[in-house]
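The values are calculated or read from the model by the stated rules, or taken from the named source; none is laboratory data. Computed from a predicted structure; not experimentally measured. Glycine also receives a Cβ, built like all others from the backbone with ideal geometry; neighbour counts cover every protein chain displayed.
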Amino acid sequence: MSEKIYDVPPEWATRAYLDDHGYKTKYEASVRDPETFWGEEGKRIDWFEPYTKVKNTSFAPGAVSIKWFEDGVTNVAWNCIDRHLDTRGDQVAIIWEGDDPSESRHITYKELHDEVCRFANVLRNRNVEKGDRVTIYMPMIPEAAYAMLACARLGAIHSVVFGGFSPDSIAGRIVDCGSRVIITADEGLRGGRKVPLKANVDAAIAKVPADTVDHVIVVRRTGGAVDMTPGRDVWYDEAAALVTHECPATPMNAEDPLFILYTSGSTGSPKGVLHTTGGYLVFASMTHQYVFDYHEGDVYWCTADIGWVTGHSYIVYGPLANGATTVMFEGVPSYPSNGRFWEVIDKHKVNIFYTAPTAIRALMQSGDEPVKKTSRASLRLLGSVGEPINPEAWEWYHRVVGEERCPVVDTWWQTETGGILITPLPGATRLKPGSATRPFFGVIPQVVDAEGNIQEGACEGNLVIADSWPGQMRTVYGDHERFMQTYFSTYPNKYFTGDGCRRDADGYYWITGRVDDVINVSGHRMGTAEVESALVAHPKVSEAAVVGYPHDIKGQGIYAYVTLMSGVEPTEELRKELVTWVRREIGPIASPDLLQFAPSLPKTRSGKIMRRILRKIAEDEFGNLGDTSTLADPTVVDDLISHRQNKK
Ligand code: WT7
């Protein structure tokens, strides 16, 4: 197999924090003596009370416990704002770029301080205290960041719900964490279209037990008409006019919760991934600095939404902890034209740009012209995150967008990991398109076979992490048992990522995708079980099985096999109705791309659906179905093959 390798550009070898030797030395130190390594690194943030203990973690079966800097006291908002005021109060903290290219705002650290304090006071006036949960359902506007930081300032735990989720999904998340306060906006604006955020919140509240939600705080974004429930709903600007811009930062223990973020797994409802204060911030800050080789004065842009962990760690917490200028973009890559990303890079002189493979693939389809029309002279580094990047997309990103002068950092991590775990460092790592390359400091990846045997050298298998790192999730909110079961029971004493991977002879990691029943659609994680339960909730559906299949733009598409109730006719209309139904139940990101009516599903004699076969059919690999002899009725397969839906 011929593999392309890109050397570190000479100018990078001199400007970057670390070269290859530096990486190796530091990596070895980090895994040889994590206590000393992180003990030093923890000092990158300010502590109100210094820690004396660094690492206290155990992956032991039935007793998983993860604590970092456990007796330290700090506050995340203090570290992201207040400690910068003396040195960079007038520096821009957030550049906000609106959906409409004529709208943008620059917010300095001083202004950020005042806005966050005001927001915190509005929450405080509604009895929000340390440990309370607050749900945030917002568009990509600065107030979303203010709201997160205001929670952090008070010690309240935020749960950001992506603005594309349905009322049902919001309701489930409100109930799971018991949040009495919701922060939203009248409407969102994306690609010129309005998103009815407040109306969705109203519909969500109608689905939760009465008296669950006490307050809804509504930020005015579009000025669109919304219903306001007296006594419960308040306009943010009206409430903010009544409070001051001073609010003390609550002292927080390093292990006090910072946020909950719901994410899909292979079974059950989405899990509330819980991240805590000290270790999370140290890890977000350190990875942001080294992976992006962030230097003072750089303009940094991550295109994620704050509804995902990437937005938490690499739009808000990591960059602001480092005193960076972080760009926040409300819109979409295709509006008003396919050149939007590159135009914004020129407009704000962006130096570091971090986006997802699905966006790269989509933009690649509109050719080189929209890119070449722009200068991109400010760009120095490109990043990728969310799913495996195919070498063609990597090469295009590198050659056309970065004009071969910008290294591409393909960063592998997860909601659960809090920050980047496997990644190149731009001054240190020779790049191979499609490989996330090597572990970050303190991270010990291992490849295991199905039985958990550790594989050596060049190999392929399942990816586990052998020991804790400070950004690791601490538990599933309210369900530690589920946390241990999901991540630590497959391979005892190891954190199981759910990903498969290959390691080559140079020790580089190539993530091959999920090995569980999770699919990755445009970098968004979906549990197949969630889509299935939405489908079977429809009165005409008796059974459903959902699998992923390769999709040119999205990486994976959603393929649904649906068995109807007896007597129901499979029509084109019903097919559309079911797709719309899933969209309404979960959100647009869960809409099946292809939906096939299946008179019956392939099952073993004990009644278990054989997903392996369904996956092969969806992948168009009919010749390679494997052993079908255990099927209760092997003829089912022929029917499925002859009615396979065609790709769009
Ligand atoms: C899953 C985690 C990481 C924040 C955004 C997604 C896949 C993520 C990569 C990458 C190959 C990747 C994995 C992982 N993934 N980054 N660079 N190369 N795969 O977070 O929603 O928790 O999803 O995304 O399969 O397990 P998430």
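A few points about this structure:
- Restricting segment 286-323 to residues that are outside any loop (DSSP other than H, G, I, E, B) and of a type in the set (F, W, Y), the residue that is surrounded by the fewest Cβ atoms within 10 Å (Cβ to Cβ) is Y290.
- Which numbered condition G331 misses (of (1) of a type outside the set (V, I, T); (2) over 28 Å from K372 (Cβ atoms); (3) more than 16 Å from the ligand (Cβ to nearest atom)): (2)
- The lone criterion from (1) modelled with pLDDT of 95 or more; (2) charged (D, E, K, R); (3) surrounded by fewer than 21 Cβ atoms within 10 Å (Cβ to Cβ) left unmet by D516 is number (1).
- Any hit, segment 118-138, residues being closer than 19 Å to V332 by Cβ and under 19 Å from the mean Cα position of the chain (by Cα): yes
- Within segment 524-538, considering residues that are touching a residue at least 12 places away in the same chain (Cβ under 8 Å) and over 20 Å from the mean Cα position of the chain (by Cα), the one farthest from the ligand (Cβ to nearest atom): H538
- Scanning segment 576-608 for residues that are closer than 26 Å to R173 by Cα and part of a helix (DSSP H, G or I) yields E577, L578, V579, T580, W581, V582, R583, R584, E585, P588, I589, A590.
- The lone exception for I5 - which of (1) touching a strand residue (DSSP E or B) at 6+ places or on another chain (Cβ under 8 Å); (2) of a type outside the set (F, W, Y); (3) under 26 Å from Y508 (Cα atoms); (4) without any contact (Cβ under 8 Å) to a residue 60 or more places away in the chain it fails: (4)
- Test: F353 is closer than 30 Å to F283 by Cα, surrounded by 23 or more Cβ atoms within 10 Å (Cβ to Cβ) and within 16 Å of the ligand (Cβ to nearest atom): yes
- Every condition in (1) out of contact with any Pro (no Cβ under 9 Å at 6 or more places or on another chain); (2) under 18 Å from I157 (Cβ atoms) holds for G172 except the one numbered (1).
- Residue under evaluation L258, criteria (1) touching a strand residue (DSSP E or B) at 6+ places or on another chain (Cβ under 9 Å); (2) not in a strand (DSSP E or B), criterion not met: (2)
- Condition check for E451: among the acidic types (D, E) and within 15 Å of the ligand (Cβ to nearest atom): no
- All positions within segment 449-464 that are part of a strand (DSSP E or B) and acidic (D, E): E460
- Scope segment 479-523; condition free of Cβ contacts under 8 Å to residues at least 60 places away in the same chain, away from the ligand (no atom under 15 Å from the Cβ) and aliphatic (A, V, I, L, M); matching residues: A505
- Within segment 396-435, restricting attention to residues that are of a type in the set (S, T, N, Q) and within 11 Å of the ligand (Cβ to nearest atom), the residue that is farthest from E369 (Cα to Cα) is T417.
- Candidates A377, A362, A356, filtered to the one that is touching a Gly at 6+ places or on another chain (Cβ under 9 Å) and either closer than 22 Å to R193 by Cα or at pLDDT 95 or above (or both): A356
- Note on segment 117-219: enclosed strands (runs of 3 or more DSSP E) holding 1 or more residues that are in contact (Cβ under 8 Å) with a residue 24 or more places away in the chain and of a type in the set (V, I, T) are 133-137, 157-160, 181-185, 193-195, 215-219.
- In this structure, D467 does not qualify as within 16 Å of the ligand (Cβ to nearest atom), acidic (D, E) and either part of a strand (DSSP E or B) or closer than 27 Å to A254 by Cβ (or both).
- Of all residues making up segment 104-131, the number that are buried (at least 19 other Cβ atoms within 10 Å of the Cβ) and under 25 Å from S179 (Cβ atoms): 11
- Residues located in segment 592-628, provided they are hydrophobic (A, V, I, L, M, F, W, C) and over 27 Å from V568 (Cβ atoms): F622, L625
- In summary, V273 fulfils each of the numbered conditions (1) touching a residue at least 40 places away in the same chain (Cβ under 8 Å); (2) away from the ligand (no atom under 12 Å from the Cβ); (3) not in a helix (DSSP H, G or I) with the single exception of condition (2).
- Within segment 356-375, the only residue that satisfies the criterion of being of a type in the set (K, R) and either buried (at least 19 other Cβ atoms within 10 Å of the Cβ) or closer than 15 Å to E97 by Cα (or both) is R361.
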